[in-house]
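The values are calculated or read from the model by the stated rules, or taken from the named source; none is laboratory data. Note that the structure is a prediction, hence the values are computed from the model and not measured. Note that each Cβ is placed from the backbone with ideal geometry, even for glycine, and that neighbours are counted across all protein chains shown. Ligands, DNA and RNA are excluded from the accessible area calculation, which covers all protein heavy atoms including side chains. Shrake-Rupley method; radii C 1.70, N 1.55, O 1.52, S 1.80 Å.
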Amino acid sequence: MRERCNIGVDLGGTTVKLAIVDEEGHIQKKWEIPTDTADQGKRIVKDIAHSIEQTLDTIGKSSENINGIGIGAPGFIEMATGYIYEAVNIGWKEYPLKTALEEATEMPVVVDNDANIAAIGEMWKGAGNHHDNVICMTLGTGVGGGMIIDGDIVHGIKGMAGEFGHATVVPEGGYQCNCGKAGCLETVVSATGIRRTALDELRHHPESQLQQIYTNNNDITAKDVFDAARDQDTFAIVVVERVAYYIGLVLANLATTVNPSRIVLGGGVSKAGDVLLTPVNHYFRQYSIDLIYRHTDIAIAELGNDAGIIGAAWLAQTKI
């Protein structure tokens, strides 16, 4: 009997991550290729198909060994058809990704949002393992996420479920968001938002070590803020507390809505560790119903950059 595998693809604006994953969720081979966004990304699908064909040939496998391809892509996606309404950083608009990739590879394909596949990956093999009801929030340059209820991802009518980054947390006077609104969660807890908040108020805190970092580098980063808070810098602690407040508040409202057993925080900002997780837990408890809080824990994501390719492979295994 031939060993069956799935192919997971995580399409980003800079690189395409790919992997051959067995039915137990173990990566057999992983690699990446550049994302060619020239000419509205018209060569991306061809590049993916060619790379898959080459890799299968190199490791002595064929399409007969593959159940199918799961792919996560950024942007607004119609899940049933794999149709991309718009993916700004790829260059696609009104693009039939599922159909195009199936034609190029002659394999069945299933498509989902890139944040959703990362959530699925964490549920299957990461920090959400053994949990069927999971909220995943990714905190990076932006804020994304996914909700898994009874073992399956929640999409909503237009595939927009899990867009936690665009929950309004500053109703008046908030920063402008790329989505067109102002005061979104993303504007204050993403790496960009943390940096901007700190910079906006830094002039009032010449005593902060962040002032010296800014003087030396003409800039500061979210990591600088967390490092300073870890060193007990008073101003940095205030900034981190504010970030944790917004995250904890949104997570408490989400948990009240869907009642997960685990919440997973991923993305570069989550690497701050306990200096962020401890105050997030405090505010999550403050704004949660006690029965929900006592049965929900918050963990840091475990799979890193592999979450998307593992989650995409799970899609191929279960949805094709």
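A quick yes/no check of all residues on (1) open to solvent by less than 40 Å² (accessible area, probe 1.4 Å); (2) modelled with pLDDT of 95 or more:
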| residue | (1), (2) |
| --- | --- |
| Val109 | yes, yes |
| Val143 | yes, no |
| Gly151 | yes, no |
| Ala161 | yes, no |
| Asn178 | no, no |
| Val189 | yes, yes |
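Look at Thr221 and say whether it is open to solvent by 20 Å² or more (accessible area, probe 1.4 Å), free of Cβ contacts under 8 Å to residues at least 40 places away in the same chain and touching a Lys or Arg at 6+ places or on another chain (Cβ under 8 Å).
The answer is yes for Thr221.
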Among the residues of segment 1-30, write down those that are out of contact with any strand residue (DSSP E or B) (no Cβ under 6 Å at 6 or more places or on another chain) and not aliphatic (A, V, I, L, M). Arg2, Glu3, Gly12, Gly13, Thr14, Glu23, Glu24, Gly25, His26
Tally, over segment 117-139, of residues that are surrounded by fewer than 24 Cβ atoms within 10 Å (Cβ to Cβ) and either within 8 Å of the chain's Cα centre (by Cα) or under 14 Å from Leu254 (Cβ atoms) (or both): 1
How many residues does segment 86-99 hold that are within 14 Å of Gln40 (Cβ to Cβ), surrounded by fewer than 20 Cβ atoms within 10 Å (Cβ to Cβ) and free of Cβ contacts under 8 Å to residues at least 60 places away in the same chain? 6
Counting only residues that are within 23 Å of the chain's Cα centre (by Cα) and either of a type in the set (Val, Ile, Thr) or open to solvent by 60 Å² or more (accessible area, probe 1.4 Å) (or both), how many does segment 48-82 have? 8
Quick check on this structure: which one of Leu277, Leu315 is buried (at least 17 other Cβ atoms within 10 Å of the Cβ), on the phi < 0 side of the Ramachandran plot, without any contact (Cβ under 8 Å) to a residue 24 or more places away in the chain and in a helix (DSSP H, G or I)? Leu277
